[in-house]
Every structure is written in C-alpha cells, then in structure tokens.
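A.B. asks: I have a structure here, written as structure tokens, and I will follow up with some questions on it.
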C-alpha cells in the first residue's frame, strides 16, 4: 500500500488525466481515502511496474490508460483512473464536466472521429509500452 | 398486546398486504421482522433534483459514492452490487445471517424493513388467466384484491394500448409525466400502432406504484429524478408506508430485530422460534403466515420440517437488457423534471412462444463513471463520448417467462461448525429455453429499431438478476407434499400459511409484485373471515 503522500501525488496525476488540469486538494485527499478502502489487495508485478512508469513519465499516462482500457480493462491503472473520475464527478466543482451535453449530428460526428483518432494514436503508443513495462514488472516480481 | 392470533413473518410487499385485512378485521397480528433500515444516508440526500444536487451539494460524494466508497464497484459482481449506497441496507447482513451458494445464480435476499420492495422499481401489471394457468387461483379470484391493494398503494396509470394485456386500473391517478426521450419513442409507436399490434407489440406508459397527486399523505411525485437514491415525498410505494399505517392500530405489533428460524405446530397453534443478536425468542400464535420472500420462506419451511438436502422447485424470470441509442434525441435538450423509474412498458407476443415484457428507461440519474467503466476507451475519451451519448441512451430491460424444471431447484444445507444453514441454488436454462430467449430478443431489437432506438448490444447479467423468484411451494388444486392449497395452507400443517411468491407455480413475463400483493391480500382476507 503506497503511503499517503504517494497517493496524493498519484491523485493529482490522475486528476490531470481526467480533467486536463490539477484537481482541488479536497478531491485528492478523497482519492487517497478511497484508495485505502478499494485497493487493499496486493499489487501484481506488472501493475506495479505500469504505475511506476506512469509516475515517472506522466505524459505517457493517457496512452497507457487508453491501451489498458482496450486490452486490460481490469488493469490497476485504469481502475484508479476510473476511481478518480468518480470522485471528481461527485464534486459540485467538477460535476458540470460530467453532466450530459446536448450534441447535434455534426458534433457527434466530430466527437466520434476525434475520439477514435486520439484513441488509435494513444493505443498505438501505449500498447507496446504497457506490455513491455508489464513484462519487465512480472520478471522483477513486483519490484518496479 | 395479548397473545397474537396471527404471526406474520416478514415486512415485504406480500407480508404487509397479508396483514392488512387481518388487522382491519380486528384480529391480533404480530409481525416479526429483522427490519434493517437506512440510518445513514437518507437524511443526507437533499430534496432537490438530481442535476441541482450535482451542481450544488458539497456532500454528494457521501451518498453517491458511499462513505466506504461502496458505490464504486470494481471486481467480481456481488449480491446487491447494483444497489446505490442509500439502498445498500436492503441486503445488509444477508451474507452473514442467511447465506446461499450458487454456481452461476445471483440471488438477492433482504432482511430490510419492506424487504426487496424497499428498492422496488414500482412497475405494475395484473395477471390474467393465461398467466395463472397452472394455478388454482384465477384472474377473477384476484380482481377484487388487485383493486383493494391498488387503493392502498397508489397507482399512476393511463388507459392505453397496454390495458388489454396489463389490466385496467380503475380509479388510478394520471400516469407520471414521460421524459423527452420516452415521449419520442411513444409518439413513434402511436403513429404506427396498428402495424406494431399486428406484429404482436403493444406499448404504453409504465403503470407505477407511485403518486402523481397527493394520496394518503404521500406525493405528488416531485420529478426530481432521484428515485434510485431517495424516497422523495414518499411518492413511490414502499411496504414501509403500510407498516406505518398498520402500526396505528392497537391490534397490530411490529417486532423488529427478529430473524425467524423455524416453527413447531402444537394442538393450540404454532410456536415460532426466532433469534435477535444471539438472544433466542419464542412466539406463540394461532396461525402462522409466512411471507419472508421465496428464499426466506424456503429456509423456514425446510428447516422446520427437517428436510435438509431436499430440493424444491424454483423459477426466476430470465432477464437481459439492451442499451440503445435513441436517435431522435440527437441535438435535443432533455428536460430535468422527470422520474427515474421505468418510463414505458411493452409486451411482445410471438406465435408459439411465451410473451416478452420490456421496461424502457432513460439513463439519466446514475453517475457517468459507471458507463465509462463499460467502454473500451481511456477515461479522457470515454468521458467525452458518454457526455454526448447519455441523452440518447435508452435502456430496454427484457423479462422472459419461466417455469420450474429439474435444473432449477433450491435446497437447504445444514450450516457447518455452528454457522447458519446455507441455501444451495441451482439454476440452468435448457437449450430450448435459451433459443426462445434469443428469438424474442432479436424480434424486440428489430421493433426498437423501428421505434428509432438502435441497440448497442444485449447484456445478460446472469440468472437471478431479475430478482423475481417463485414456485417453491406452489398452490395446487390437490396439494401434495411441499405444496399449498389455494388459501396458502402448507400441506401437512394445520395452521401454517404461505403468502408470498413461493405460491406461484410459474412466472409469466409480466412484473409480479402487484400480483404478490393481491394474492397476499386474498389470503389475509380468507384467514380474517375464519
């Protein structure tokens, strides 16, 4: 189990992934508390390696998360990102960024195109990195 | 209260309506119940609309996510995982006090005040003779009791295309207002209703146990879209409201905290054994009315008769759901003022097959991250996609008929090492049943496309997810062992009556709770007259 300060750093990182900016400290604290309730199981070598890589290279985080969502949806990184999304969503400051938005046909087409393109690019970069980091983590037996 | 004449076990939809006619006839009734209730979240939820709460309440995370973040489920699905934190009391202590084991069956049991109906979706339908074909009780036997129960719980329903199949509700309040997305679907249906009818589809506004105006100190429904989280204005019916009404009578007593374990019959009546936090209790009455839910009643009967390991028949509506995109909603603003319950209902008839029942919801008042979790996209993209798609998202919940077979049974196993007895549930559909379900789903998918709703996929949440169970001690004309007579009397006993879903020999596709309540009222009325 990471210490509280490490969880705060992780929370800020994941908050930036979801919102594109740093979340307010209250949400980061809530993330650290939620982590203690929800992620009590021991972490596999590959998950630990991916989390360590994301902490060292935050710019890789969107690519790793996209790749994980597609090929390993139960990966720790993706679950932690979803937890941060849930916490931000249940905060009045950020709720507006999660509430449904009226979108016309053109908006839907653009959204589908751009989300598809971004996902393809991120998965293309993220998948080999995710697999390599995971394999290395497994070889090291959970020591990133 | 002096020694009760009647002991009613449970406080769910069946129990309270079995007790009602007894109490009103002046009989002394004791209701034994564990009676868990929400003591944590209810008071936190403001009486505001979902979208207002989302934008303003700084404490919303406490009830939307749960104080232990139990509303953020990861990993394997557990019993009750679909309940929101404010509804989690419904399954509290079930694993500890009334455990069950099943390979692939997701059974839901409740020890709460109001039982499973404390979180009921409030959908209503009357059963007709075809639905009751294996039962000695027919539609006309229930007619008066449907009306009596409806007058007690409050029904919001209009007379429309569904009335010939779901029944008419005389004296009902007007139906609750439809939301924008469902209004579009119904409008499309109405334009081609005759063609749809010829193909076996009937659609209408869902009949709900809810108040669209003031009724017995409840309602009107405030249309705050918070029905999954709170009982605003007490507009949606919960059995708890009936327990409160009954409690004003001197000849009714609600004894909370007691888990009934078994009964013994003597010459003068019945002795009921119960436990409360380690304390043993004995209650004496002339007649026992078991209405603890199908699983709860099975435990009590099988334990009392010493029939450990003996399988009894069992039925459960198979269910699936189809998330659909309602293309008519593209570019439209959805109104905030709405309810979160089933908006529309439909019945699809296919020649040579049992009917299919569909409940249609709009996905609005649950959190977005739950949908993001289901997509193969990273959080950033899935958030963008879901915000745009949620206004279009229509969930069609399908429910199929079911009858007991040799592959659907429950049996009670003796607990090990002093632990509680364990209910073993076995449930498997035959290849023929699965084929029928696939055919009906394909037909429904095609109908929904014609109504402008394109199914993204069909999701099978697994057997048991409908939470509609029946058939363990079925009523029969000439009851044999572990069967019941038309008044619910358990064969071989003198004064043990059953008044819940255990009595129904099979399950039609329709929502069953109204029939459970009407049948319980019928049994209570018969017993009150003796």
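A.B. asks: Suppose we filter the stretch B:245-278 for residues that are at pLDDT below 95 and closer than 22 Å to residue B:36 by Cα; how many remain?
C.D. replies: 2
A.B. asks: Identify, from the list A:23, A:62, the residue that is in a loop (DSSP other than H, G, I, E, B) and over 19 Å from residue B:73 (Cα atoms).
C.D. replies: Details: A:62 fails: in a loop (DSSP other than H, G, I, E, B).
Residue meeting the stated conditions: A:23.
A.B. asks: Could I ask something else about it? With more than 8 Å from chain B (Cβ to nearest Cβ), without any contact (Cβ under 8 Å) to a residue 12 or more places away in the chain and either farther than 26 Å from residue A:28 by Cβ or surrounded by fewer than 16 Cβ atoms within 10 Å (Cβ to Cβ) (or both) as the only criterion, which of A:93, A:136, A:56, A:102 stands out?
C.D. replies: Residue meeting the stated conditions: A:56.
A.B. asks: Here's something else I'd like to know. For the stretch A:39-49, does any single residue satisfy the condition of being closer than 17 Å to residue A:85 by Cβ and at the interface with chain B (Cβ under 9 Å from one of its Cβ atoms)? Outline the logic, then answer.
C.D. replies: Step one: of the stretch A:39-49, the residues closer than 17 Å to residue A:85 by Cβ are A:39.
Restricting the remaining residues to those that are at the interface with chain B (Cβ under 9 Å from one of its Cβ atoms) gives A:39.
There is at least one residue in the stretch A:39-49 that is closer than 17 Å to residue A:85 by Cβ and at the interface with chain B (Cβ under 9 Å from one of its Cβ atoms).
A.B. asks: Within the stretch A:59-71, how many residues are facing chain B (nearest Cβ under 7 Å) and either farther than 25 Å from residue A:41 by Cβ or surrounded by fewer than 24 Cβ atoms within 10 Å (Cβ to Cβ) (or both)?
C.D. replies: Looking only at the stretch A:59-71, we keep the residues that are facing chain B (nearest Cβ under 7 Å), and these are A:62, A:65-66, A:69-70.
Okay, now just the ones that are also either farther than 25 Å from residue A:41 by Cβ or surrounded by fewer than 24 Cβ atoms within 10 Å (Cβ to Cβ) (or both), so A:62, A:70.
Final tally of qualifying residues: 2.
A.B. asks: Name the residue, out of A:111, A:118, that is within 30 Å of residue B:335 (Cα to Cα), assigned to a helix (DSSP H, G or I) and within 8 Å of chain B (Cβ to nearest Cβ).
C.D. replies: Criteria check complete, one pass: A:111.
A.B. asks: Looking at the structure I just gave you, is residue B:464 farther than 22 Å from residue B:109 by Cα and surrounded by fewer than 23 Cβ atoms within 10 Å (Cβ to Cβ)?
C.D. replies: Numbers: farther than 22 Å from residue B:109 by Cα: no; surrounded by fewer than 23 Cβ atoms within 10 Å (Cβ to Cβ): yes.
No: the conditions fail for residue B:464.
A.B. asks: Shifting gears a bit: Please list, ordered by residue number, the strands (runs of 3 or more DSSP E) wholly in the stretch B:246-343 having 1 or more residues that are under 27 Å from the mean Cα position of the chain (by Cα) and over 26 Å from residue B:513 (Cβ atoms).
C.D. replies: On the way: elements: B:252-256, B:259-265, B:270-276, B:279-285, B:287-290, B:319-326.
Strands (runs of 3 or more DSSP E) meeting the threshold: B:259-265, B:270-276, B:319-326.
A.B. asks: Pull up the stretch B:324-363, narrow it to residues that are more than 22 Å from residue B:155 (Cβ to Cβ), within 14 Å of another protein chain (Cβ to nearest Cβ) and touching a strand residue (DSSP E or B) at 6+ places or on another chain (Cβ under 7 Å), then point me to the one that is surrounded by the fewest Cβ atoms within 10 Å (Cβ to Cβ).
C.D. replies: Initial filter on the stretch B:324-363 (more than 22 Å from residue B:155 (Cβ to Cβ)): B:324-336, B:348-354, B:356, B:363.
Next, only the ones that are within 14 Å of another protein chain (Cβ to nearest Cβ) stay: B:325-336, B:363.
With touching a strand residue (DSSP E or B) at 6+ places or on another chain (Cβ under 7 Å) added as a condition, the list becomes B:325-327, B:363.
On the way: B:325: 17, B:326: 24, B:327: 14, B:363: 20.
Filtering the stretch B:324-363 for residues that are more than 22 Å from residue B:155 (Cβ to Cβ), within 14 Å of another protein chain (Cβ to nearest Cβ) and touching a strand residue (DSSP E or B) at 6+ places or on another chain (Cβ under 7 Å), the one surrounded by the fewest Cβ atoms within 10 Å (Cβ to Cβ) comes out as B:327.
A.B. asks: Do you know which of the residues in the stretch A:72-90 that are at the interface with chain B (Cβ under 8 Å from one of its Cβ atoms), in a helix (DSSP H, G or I) and under 24 Å from residue B:392 (Cα atoms) is nearest to the chain's Cα centre (by Cα)?
C.D. replies: Result: A:82.
A.B. asks: While we're on this one: Of all the helices (runs of 4 or more DSSP H) wholly in the stretch B:21-115, which have at least 2 residues that are within 14 Å of chain A (Cβ to nearest Cβ) and within 29 Å of residue A:39 (Cα to Cα)?
C.D. replies: Values: elements: B:50-56, B:60-64, B:94-97.
So the answer is B:50-56, B:60-64.
A.B. asks: Among the listed residues B:288, B:259, identify the single one that is buried (at least 21 other Cβ atoms within 10 Å of the Cβ) and closer than 22 Å to residue B:108 by Cβ.
C.D. replies: Details: B:288 fails: closer than 22 Å to residue B:108 by Cβ.
It is B:259.
The values are calculated or read from the model by the stated rules, or taken from the named source; none is laboratory data. This is a predicted model, so every value here is computed, not measured. Note that each Cβ is placed from the backbone with ideal geometry, even for glycine, and that neighbours are counted across all protein chains shown.
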